[in-house]
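Okay, structure first, notes after.
The values are calculated or read from the model by the stated rules, or taken from the named source; none is laboratory data. Here the structure is a predicted model, which is why all the values come from computation and not from measurement. Glycine also receives a Cβ, built like all others from the backbone with ideal geometry; neighbour counts cover every protein chain displayed. To get the accessible areas, we keep the full protein, side chains included, count just its heavy atoms, and leave off ligands, DNA and RNA. Shrake-Rupley method; radii C 1.70, N 1.55, O 1.52, S 1.80 Å.
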Amino acid sequence: MRITITDLQEMKQKGEKIPMLTAYDYSTAKLVDEAGVPLILVGDSLGMVILGYESTIPVTMDEMIHHTKAVVRGTERALVVGDMPFMTYHTSVDDTLRNAGRFIQEGGAQAVKLEGGETVADKVKRIVECGIPVQGHIGLTPQSVHQLGGFKVVGKTPEAAVRLLNDAKALEQAGAFSIVLEAVPAPLSKLITERVSVPTIGIGAGPDCDGQVQVVSDILGLFTDFVPKHAKQYARLADIIKTSVGDYVSEVQAGSFPTAKQSYTMDEKIIAELARSA
Ligand code: KIV
């Protein structure tokens with residue numbers, strides 16, 4: 001049985017922290033699911049860490065659906081959230097509903113996430129009315145990087161802090177089942193977490209959120225272009241991969257791979273006969 005939004009709500013009520021992690025492919029999703037992560041995000045961060053774009057802005061619906069399908073196939077227990085890419089929920093309510101519906105119907109996800117607070121609350125409400133759970137995302141919203149003037153902490157001034165609290169309340173009112181807080185000062189995240197009834201999930205938002213989300217490639221040390229301040233590397237898979245691939249290259253070049261162990265055999269008589277006759 002998959003985790004449901006009711007389970008997540010109960011976790012907040014019981015004070016049980018909610019770990020959330022991104023995944024973008026079948027094999028990684030399977031491992032993340034087996035390791036006990038209850039909430040998996042197919043983040044549009046895949047644009048940067050999987051597809052090599054400079055930001056999340058070029059990511060398309062078709063790319064997101066492709067990766068969402070793979071993640072869903074790899075998971076049995078986690079609730080899978082599909083991240084709505086840039087400009088797929090901004091033009092009209094019709095477009096928003098069609099795109100949110102694709103994540104559920106084609107991708108097999110159980111929920112969608114979109115960026116923004118008060119300005120997208122009407123769209124959140126309409127998606128929820130269609131029976132699709134929505135996770136909000138406020139604070140640093142990477143799809144608005146040009147409007148924000150870069151990747152910066154959001155909510156430090158009194159006006160910005162009030163705006164963020166109002167955004168969180170608007171999402172809660174609209175029916176969002178959870179809210180991601182990205183790059184928000186820890187004391188403000190704590191206050192928002194106390195003031196809304198739905199679970200807050202922080203990334204660079206301090207320890208007092210109801211849960212935490214990280215990009216899987218950051219915590220495993222797989223993405224080497226940069227390491228965000230809020231990420232902790234639990235492993236350095238990039239080093240392990242480079243060493244292992246280097247060993248493979250050397251062994252192929254030296255002729256020491258493959259050995260008999262990695263080779264298939266056949267009846268010697270057949271090959272001897274073939275050598276004689278051909
Ligand atoms: O795309 C993503 O990975 C995200 C998380 C950083 C919250 O939106």
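Results, tabulated for the structure shown:
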| quantity | calculated |
| --- | --- |
| Pairs where the first residue, in the range 3-22, is closer than 23 Å to Leu46 by Cβ and the second is open to solvent by 50 Å² or more (accessible area, probe 1.4 Å), C-beta under 8 Å, 6+ apart | Ile3/Arg77; Ile18/Gln212; Pro19/Gln212; Met20/Gln212 |
| Subset of the range 179-217 (residues that are out of contact with any helix residue (DSSP H, G or I) (no Cβ under 7 Å at 6 or more places or on another chain) and either under 22 Å from Gly82 (Cα atoms) or crowded, with 21+ Cβ neighbours inside 10 Å (or both)) | Val180, Glu182, Ala183, Ser189, Thr193, Ile201, Ile203, Gly204, Gly211, Gln212, Val213, Gln214 |
| Residues located in the range 43-71, provided they are within 17 Å of Gln105 (Cα to Cα) and touching a residue at least 40 places away in the same chain (Cβ under 8 Å) | Met61, Met64, Ile65, His67, Thr68, Ala70, Val71 |
| Check on Val80, within 17 Å of the chain's Cα centre (by Cα), assigned to a strand (DSSP E or B) and surrounded by 24 or more Cβ atoms within 10 Å (Cβ to Cβ) | yes |
| The one condition in (1) of a type in the set (A, V, I, L, M); (2) surrounded by fewer than 23 Cβ atoms within 10 Å (Cβ to Cβ); (3) at pLDDT 95 or above that Ala176 fails to fulfil | (2) |
| Checklist (1) farther than 19 Å from Gln143 by Cα; (2) open to solvent by less than 10 Å² (accessible area, probe 1.4 Å); (3) among the small types (Gly, Ala, Ser); (4) over 17 Å from the mean Cα position of the chain (by Cα) applied to Gly107, failing item | (4) |
| Asp62, sole failed condition from (1) more than 15 Å from the ligand (Cβ to nearest atom); (2) assigned to a helix (DSSP H, G or I); (3) closer than 17 Å to Ala176 by Cα | (3) |
| Test for Lys69: is it more than 27 Å from Ser144 (Cα to Cα) and basic (Lys, Arg) | no |
| Among (1) within 25 Å of Leu31 (Cα to Cα); (2) open to solvent by less than 20 Å² (accessible area, probe 1.4 Å) - the single one Leu220 does not satisfy | (2) |
| Hey, Asp33 away from the ligand (no atom under 12 Å from the Cβ), in the same structural domain as Gly175 (by TED's automatic domain parsing) and closer than 18 Å to Ser217 by Cβ or not | yes |
| Top-ranked residue in the range 72-87 [being more than 12 Å from the ligand (Cβ to nearest atom) and out of contact with any Lys or Arg (no Cβ under 9 Å at 6 or more places or on another chain); ranked as farthest from Ile127 (Cα to Cα)] | Val72 |
| Single residue of Ile57, Ile65 found to be open to solvent by less than 20 Å² (accessible area, probe 1.4 Å) and touching a Gly at 6+ places or on another chain (Cβ under 9 Å) | Ile65 |
